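Before any comments, here is the structure.
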Amino acid sequence: MSTNPTRVFIARLLGLDVFDPLGDRLGRLRDAVVLDRGAGRPPQAVGIVVEVPGKKRVFVPITRITSMDPSQIICTGLVNLRRFQQRGAEMLVVAELFDSKVILADNGGEATVEDIAIEQNRAGDWHVSSLFVRRGGQTSRLRGLRRRGELLIVDWAEIYHWDISGPQAATQFVAQHDDLKAADFAEALHEMSGKRRIEVASELQDERLADVLQELPDDDQVQILQSLDLERAADVLEEMDPDDAADLLNELPEEQKEELLQLMEPEDARDVRRLMQYEEDTAGSVMTPVPVILPPEATVAEALAHVRKEELTPALASSIYVCRPPLETPTGRYLGVVHIQKLLRAAPPEALGNILDTDLEPVRDYADISEISRMLATYNLNSLPVVNDGGRLVGAVTVDDVLDHLLPDDWRASDDTGPITWQGRKNG
């Protein structure tokens with residue numbers, strides 16, 4: 001590899017674009033892989049983890065990298081597109097080694113690793129050469145602050161002991177991945193060991209953790225939720241969408257499920273309990289009980305203000321459901337729906353009752369999910385109103401709710417089987 005300089009710090013490379021020799025972008029660097037060679041020998045750098053289009057993470061052997069500096073990374077392009085999987089003694093620098101504890105030689109005390117440098121020797125091999133550490137600093141998950149400590153760059157030879165098996169913070173990993181969407185953060189979390197997954201999850205704020213949990217496979221969700229103390233687990237469940245919280249609670253033992261429901265705010269627990277009463281594969285079991293609901297007297301301007309709320313998904317923001325009071329589900333009589341396109345074309349003072357779409361029939365809460373999917377596809381809709389036998393709106397089913405239900409249970413963890421156009425290391 002031709003690089004300048006021959007020593008690079010991994011944290012400075014994170015998020016950099018990776019190019020082939022022709023200048024085509026292959027993806028973005030998300031981590032580096034080093035090999036534990038035992039006591040007394042520095043870990044050897046064997047490659048990098050690149051996020052390619054499609055948000056999949058693949059392995060690029062370090063022998064394929066022709067240039068690496070803080071502005072860009074260039075490789076030969078001969079890379080296997082199979083999803084990265086760790087092997088044996090391999091360690092992920094960002095996911096596992098950042099925030100780990102080291103004991104410095106000559107009574108230097110304990111320090112926390114914040115960055116790691118790899119360096120190329122005369123033979124062309126890369127190994128960990130030095131560490132950027134903080135001695136005496138502490139972190140606070142709730143405040144996201146780090147107490148000041150002494151910053152040092154130490155050579156590998158100055159490390160007396162390096163421990164990644166004990167308790168470990170995740171401040172650096174969370175900070176380095178703060179820009180990731182919840183689904184992409186969840187994928188990175190899924191690839192970690194169980195121990196590290198719990199450590200990273202515990203570092204997240206409740207709202208962020210709720211968003212990430214909703215994107216994880218069931219087993220990972222249960223593992224993380226059960227690792228939290230009950231009070232915090234209840235807080236996280238309150239931040240989740242009620243249908244996702246209900247699905248997660250249904251995976252827990254009955255006693256634990258009821259204990260968490262008792263700790264949740266009564267209003268949030270009520271929505272979740274109602275969803276848990278529906279049979280699987282019905283509209284009621286996958287709907288959200290909190291769509292945008294307004295009375296017929298509300299104006300177009302008021303409706304547009306409601307759909308601008310950041311917490312709404314695009315699917316939920318695409319429709320306003322118009323009902324008689326009360327406006328909390330189950331509502332008064334359901335009257336009809338106003339689609340976002342209609343809102344954009346109507347005058348701001350216009351009452352919603354004057355522009356209702358009454359042709360779209362609501363579905364019953366016990367309707368089969370296959371019926372829902374056919375209606376969404378037939379009429380090219382993002383969501384459907386769900387009513388009970390009394391004609392009261394009880395929720396809405398969105399296209400993403402249906403997709404989550406129709407895809408295989410392990411779709412978040414499964415690899416695709418598309419054609420592989422690059423060559424190189426084979427994982428698996």
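Odds and ends about this structure:
- Region 347-406, accessible surface, carbon-and-sulfur percent (1.4 angstrom probe): 47 percent
- Residue-span extension gain [residue 24 to residue 153] - 0.36 nm each, minus C-alpha spacing: 42.9 nm
- Portion, in percent, of the accessible area of region 2-75 that falls on carbon or sulfur, probe 1.4 Å: 48 percent
- Where Rh is the Kirkwood radius over Cα pairs, Rg/Rh for the chain: 1.05
- As a ratio to 2.2 N^0.38 Å, the alpha-carbon radius of gyration for region 6-53 is 1.36.
- Sites residue 85 and residue 165, calculated FRET efficiency, Cβ-Cβ separation with R0 22 Å, nearest 0.05: 0.60
- Solvent-accessible area, 1.4 Å probe, carbon plus sulfur percent, for region 102-239: 44 percent
- Number of Lys pairs (Cα under 21 Å; 8 or more positions apart or on different chains) in the chain: 7
- Two-decimal ratio, region 188-323, of alpha-carbon radius of gyration to 2.2 N^0.38 Å: 1.16
- For region 19-153, projected area of the alpha-carbon convex hull averaged over all directions, nm²: 10.5 nm²
- Estimated inter-spin distance, residue 407 and residue 308, nm [label 7 Å along Cα→Cβ]: 3.2 nm
- If R0 is taken as 22 Å, the Cβ-Cβ distance between residue 377 and residue 281 corresponds to a FRET efficiency of 0.80.
- Relative to the longest principal axis of the Cα atoms of the chain, the long axis of helix 266-276 makes an angle of roughly 80 degrees.
- Cα-based equivalent ellipsoid, region 34-111: semi-axes from gyration tensor eigenvalues, Å: 28, 14, 13
- Solvent-accessible surface of the chain, averaged per residue with a 1.4 angstrom probe and all protein chains in place: 49 square angstrom.
- FRET efficiency, residue 41 to residue 232 (Cβ-Cβ, R0 51 Å, nearest 0.05): 0.80
- The chain, helix-only ellipticity at 222 nm - DSSP H runs n ≥ 4, -39,500 (n - 2.57), divided by all residues, nearest 500: -7500 deg cm²/dmol
- Between residue 218 and residue 183, the distance separating the two model label sites (each 7 Å from Cα on the Cα→Cβ line) works out to 2.1 nm.
The values are calculated or read from the model by the stated rules, or taken from the named source; none is laboratory data. Source: prediction; values computed, not measured. Glycine gets a Cβ as well: all are built from the backbone with ideal geometry, and neighbour counts include every protein chain shown. Surface areas here come from the heavy atoms of the whole protein model, side chains and all, with no ligands, DNA or RNA. Shrake-Rupley method; radii C 1.70, N 1.55, O 1.52, S 1.80 Å.
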